[in-house]
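The values are calculated or read from the model by the stated rules, or taken from the named source; none is laboratory data. These figures come from a predicted structure and were not determined experimentally. Please note: Cβ atoms are built from the backbone with ideal geometry, for glycine as well, and neighbour counts cover all protein chains shown.
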Amino acid sequence: MKKGIFNPIVLLALLVAVSFSCQSNASSESAETETTTEETAEAKTVSQTEVEEMPMGVKVGDKAPAFELKNIDGEMYSFDNIKDANGNAPKGFVVTFTCNTCPYAVMYEDRLIELHNKLAPQGYPVVAIQPNDPEVKEGDSFTAMQERASDKGFPFLYLMDEGQVIYPQYGASRTPEIYLIDADLTVRYHGAIDDNAQDASAVTVNYVENAVAAIENGQEPDPADVKAIGCTIKTKKI
């Protein structure tokens with residue numbers, strides 16, 4: 001072959017090789033795109049399924065789900081054996097989902113103590129339930145609950161939602177979050193404790209106290225549902 005003159009056979013072979021390479025790359029990119037799309041669709045499907053299967057919880061006017069949970073003293077408690085400050089069957093229950101580790105829950109500890117000391121003699125004891133998974137938040141273990149209750153001198157029950165089976169039935173998502181329940185086990189108020197999570201001295205409205213006063217006067221609490229401010233409940237299931 002003379003210099004500067006292309007061999008037609010060699011040129012043809014080169015064109016075929018380049019064409020095959022382009023097609024292979026295009027097929028590979030297409031396959032990767034399809035896989036990514038499928039994985040995304042599958043992820044979305046799983047997420048939607050999980051959301052659909054999550055309990056919706058209860059609303060104001062619904063019956064409160066029953067429970068039997070272990071208190072920090074090792075005893076089991078339910079609506080049937082909880083007493084008010086006078087040793088009587090309560091007129092209602094201030095069920096509070098709270099924990100050791102959430103900064104908002106910590107800010108409300110003293111206010112919960114005050115709330116219990118004021119309302120329990122009236123027949124409405126605070127019943128605190130710790131809903132976090134201790135494998136996710138070690139500071140919310142049963143032992144840690146006992147230590148915290150001892151340090152703060154909690155006058156109310158502090159129950160462990162072992163296995164995290166109760167809080168989803170209520171539909172609780174925050175700590176702290178209140179469900180005021182009457183003697184017929186009907187939810188009468190839900191949500192925030194008061195109108196200032198950050199500063200107890202700046203509170204102007206105590207929603208729970210007002211709701212109890214309304215019930216005592218034969219009225220419906222107004223407002224009956226106020227968005228709870230706090231940390232999300234920690235679980236491995238979601």
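Laid out as a table, the results:
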{"read-out": "Pairs with Cβ under 8 Å, 6+ apart, first in segment 182-202 and assigned by TED's automatic domain parsing to the domain that holds residue 92 and in a loop (DSSP other than H, G, I, E, B), second surrounded by 14 or more Cβ atoms within 10 Å (Cβ to Cβ) and basic (Lys, Arg)", "value": "183/91; 193/111"}
{"read-out": "Scope segment 122-170; condition aromatic (Phe, Trp, Tyr) and within 16 Å of the chain's Cα centre (by Cα); matching residues", "value": "167, 170"}
{"read-out": "Scan of segment 136-154 for residues that are of a type in the set (Ser, Thr, Tyr) and not in a loop (DSSP other than H, G, I, E, B), ordered by number", "value": "143, 150"}
{"read-out": "Checklist (1) farther than 26 Å from residue 80 by Cβ; (2) in contact (Cβ under 8 Å) with a residue 24 or more places away in the chain applied to residue 114, failing item", "value": "(2)"}
{"read-out": "Count of segment 210-238 residues which are part of a helix (DSSP H, G or I) and of a type in the set (A, V, I, L, M, F, W, C)", "value": "5"}
{"read-out": "Members of segment 110-151 that are closer than 23 Å to residue 213 by Cβ, of a type in the set (D, E, K, R) and in contact with a helix residue (DSSP H, G or I) (Cβ under 8 Å, 6 or more places away or on another chain)", "value": "110, 111, 118"}
{"read-out": "In segment 80-121, residue farthest from the chain's Cα centre (by Cα) [restricted to those that are under 18 Å from residue 172 (Cα atoms) and part of a loop (DSSP other than H, G, I, E, B)]", "value": "108"}
{"read-out": "Unmet requirement for residue 200, which otherwise passes all of (1) under 20 Å from the mean Cα position of the chain (by Cα); (2) surrounded by fewer than 22 Cβ atoms within 10 Å (Cβ to Cβ); (3) hydrophobic (A, V, I, L, M, F, W, C)", "value": "(1)"}
